[in-house]
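The values are calculated or read from the model by the stated rules, or taken from the named source; none is laboratory data. Since the model is a prediction, treat every value here as computed from it, not as a measurement. Neighbour counts run over all protein chains shown; Cβ positions are idealised from the backbone, glycine included. Surface accessibility is based on the protein's heavy atoms, side chains included, excluding ligands, DNA and RNA. Shrake-Rupley method; radii C 1.70, N 1.55, O 1.52, S 1.80 Å.
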Amino acid sequence: MAHTTREDVDATAALTTPLAALDGRVATIADLLPGTTGLVVVAERDCPTSRGALRALADAGAHLVVISQGRIEAAQDLVADTAAHDLPVLVEPAPHPVSDALAAATMPTFVLLEDGRVVDHLEGWDRARVGELVARAGGRLTSDGGIGEVKPGCQSRHTFDAAMQRRLEADDAVLAAGAGRVEDLWELGWHDGLPVVPPTRDRVAAMLDGRDPQTSLGLLGPVNAEVTFERLAACAVLAGCHPDYWPVVEAAARAVMDPAFNPHGVSNTTSWASPWIVVNGPVRHQIGMNTGSNVIGPGNRANATIGRAIRLLLQLTGGGSPGGLDQSALGGQHKFTACFPEREEASPFEPLHTSLGHREGTSAVTVLAGEPPAPVNDHTSQTADELAATLALAVGNAMSPTTYPTPGGELLLILGTEHARTFGAAGWSRARLTEALVAGSRRRVGELQATGSGALTPQVAAATDPDEVVAKITADQLVIAVTGGDAGRFSAVVAPWGRSSSMVTREV
Amino acid sequence: MPTYVSPIDDRTREPLPAAPRLASLDGQRLGLLDIAKPRSREFLDRVEAVITARHDVEVVRLRKPTPSRPAPPDVLSEAERCGAVLVALAD
């Protein structure tokens, strides 16, 4: 903030530059500030200090004119946000010659003029000083605009380099095209706690790319909403999907809406259940999915936004809203998004979807209701048998260490690429690893009874022979997807929800 | 605010009207719906004993196969033939 009198500033050029007013007329500062003393306020919509200043000035009754940096839509927004409808506003587009001439380096800048000369100059917000300037301009400051006594300002657009100025102009152009504002979506409640992309008609139309928006995929619980292409596309836009992702989004939506998946229950449960989506086939590369490091983590638009679109579909369209009908006790990060491609190229096994009977060369999505991923860290096992033993322990702990047998659903083993190589080098197939995990996760009931846990299943609790062996899981319930970066001997176990949801695979 | 394309089926936001209250249980067909959570049945056994001791009702016991899926059509159609249904949540 500069408390300086800028007598060095020659405002002549600024005062006589023609600018558009909000009513479409063209005027200069000199036109709007006749008389001897007046205040020029240079402000910018995206600057909170500017908005606070205008709120404070809106009813101060001073002889002033506002210069709004950017396009006319930005000025309209600024006025609407600050209730400054009665203030005269001039729109100053790039490259902002008036701001430059007034040396308005910070938003807002206050410039007091007397007989066309600059007699005072203030940058940023200082309520006492602005009060003085307003008084000298014939008004009275009665409000702090919600920004207190002192608040630093924001950088003026004219001080940015040309490239940054072009980007700011492009942002304004998007706004002018009716792109909407993230703030609106908070108000509507169409979000998952993170910012979303406003589903404007243009964006939804681009997502649908000529498909009939009224095509129905059926009803989705818990609220039994009709899922149309248009509503699904709105979710995909909100999630940040590129239109190229649509075929995968549609296939995933059809999969979660399959009664076998039971989206109604998945959305309502107090547990962690949420769709995990595995993508197979050529579509993975066609839409630029990441199969490498951080495959179930951040960094790739397709991985992140396809899963998010399905979550928003369940939450917004289906009505499984967190805190509303979604009563999950703890939730989980996978409930923002959980979608990844199998890294078929680095897998010693056949791809997941062909192992489930789909033709080679097709693309497919597989959805299953699962919990957060539980890590398996094994950097030292040297043989396939040793590594399978570690993984089997993790399988045995899924849901709860005492859950014997798993009541239903499918367990997803996300097998890291390095772990997969160990099995590949030993010549193991998907079936052999499955068999080893089923066998290795069995327990003697005596072992479970000896834990003292009160959460034994009725079958285990009632067993009388301590040497009776109970299986954790069947081969049909075990789903293995190979994926992830080249380095790091890590895998993860996604526990099933239980008997009320079954895995569904759909071709893209 | 500009007009956005809504992901929401507005029909699902209209509140459903509550069914009219019964003036009396007497003479009614009363459904007791066990949602299949543990101990639901024992709880409803007790409810049935208390209610039948006090009211002249015909009790129909209904059961969902699992708590985590919507009730199947045959259970719903049986429930529709009742004057009232009590749903037991448990665990």
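Overview of values
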| quantity | calculated |
| --- | --- |
| Restricting the range A:244-275 to residues that are of a type in the set (F, W, Y) and farther than 22 Å from B:P67 by Cβ, the residue that is nearest to the other protein chains (Cβ to nearest Cβ) | A:W246 |
| Candidates A:P259, A:P298, A:P373, filtered to the one that is free of Cβ contacts under 8 Å to residues at least 24 places away in the same chain, surrounded by fewer than 23 Cβ atoms within 10 Å (Cβ to Cβ), within 24 Å of A:H191 (Cα to Cα) and in the same structural domain as A:A225 (by TED's automatic domain parsing) | A:P298 |
| Tabulated pairs, the range B:18-37, first among the acidic types (D, E), second open to solvent by 70 Å² or more (accessible area, probe 1.4 Å), C-beta under 6 angstrom, 6+ apart or interchain | B:D26/B:D56; B:D34/B:R41; B:D34/B:R63 |
| Any hit, the range A:239-257, residues being over 17 Å from A:I277 (Cα atoms) and of a type in the set (S, T, Y) | no |
| Every pair of residues 6+ apart whose Cβ atoms lie under 8 Å, when the first sits in the range A:72-88 and is assigned by TED's automatic domain parsing to the domain that holds A:G146 and at positive phi while the second is of a type outside the set (D, E, K, R) and not in a helix (DSSP H, G or I) | A:A83/A:A58 |
| Failed criterion for A:A74 (all others in (1) assigned to a strand (DSSP E or B); (2) under 25 Å from A:A170 (Cβ atoms) hold) | (1) |
| From A:A462, A:A481, A:A450, residue being assigned by TED's automatic domain parsing to the domain that holds A:T406 and either hydroxyl-bearing (S, T, Y) or open to solvent by less than 30 Å² (accessible area, probe 1.4 Å) (or both) | A:A481 |
| Check on A:V395, of a type in the set (V, I, T), assigned by TED's automatic domain parsing to the domain that holds A:S328 and within 19 Å of A:V438 (Cβ to Cβ) | yes |
| Test: residue in the range A:36-53 that is open to solvent by 10 Å² or more (accessible area, probe 1.4 Å), more than 23 Å from A:D172 (Cβ to Cβ), touching a His at 6+ places or on another chain (Cβ under 9 Å) and modelled with pLDDT under 95 | yes |
| Matching residues in the range A:48-69 - criterion: being assigned to a loop (DSSP other than H, G, I, E, B) and out of contact with any helix residue (DSSP H, G or I) (no Cβ under 9 Å at 6 or more places or on another chain) | A:D59, A:H63 |
| Within the range A:177-188, considering residues that are within 10 Å of chain B (Cβ to nearest Cβ) and free of Cβ contacts under 8 Å to residues at least 12 places away in the same chain, the one surrounded by the fewest Cβ atoms within 10 Å (Cβ to Cβ) | A:E187 |
| Check on A:D184, part of a helix (DSSP H, G or I), among the charged types (D, E, K, R) and within 30 Å of A:G324 (Cβ to Cβ) | yes |
| Which listed residue, of A:G357, A:G427, is closer than 29 Å to A:R254 by Cα and in a loop (DSSP other than H, G, I, E, B) | A:G357 |
| Selection count where residues are open to solvent by 40 Å² or more (accessible area, probe 1.4 Å) and in a loop (DSSP other than H, G, I, E, B), scope the range A:117-142 | 3 |
| Selection from the range A:81-92 of residues that are part of a loop (DSSP other than H, G, I, E, B) and either crowded, with 17+ Cβ neighbours inside 10 Å or more than 33 Å from the chain's Cα centre (by Cα) (or both) | A:A84, A:H85, A:D86, A:L87, A:P88 |
| Counted residues, the range A:471-508 - those being within 14 Å of another protein chain (Cβ to nearest Cβ) and assigned to a strand (DSSP E or B) | 1 |
| Whichever residue in the range A:197-228 is among the hydroxyl-bearing types (S, T, Y) and not in a loop (DSSP other than H, G, I, E, B) and, among such residues, is nearest to the other protein chains (Cβ to nearest Cβ) | A:T200 |
| From the options A:P275, A:P247, residue that is assigned to a helix (DSSP H, G or I) and either at pLDDT 95 or above or under 21 Å from the mean Cα position of the chain (by Cα) (or both) | A:P247 |
| Conditions (1) more than 27 Å from A:A260 (Cβ to Cβ); (2) surrounded by fewer than 20 Cβ atoms within 10 Å (Cβ to Cβ): number failed by A:E435 | (1) |
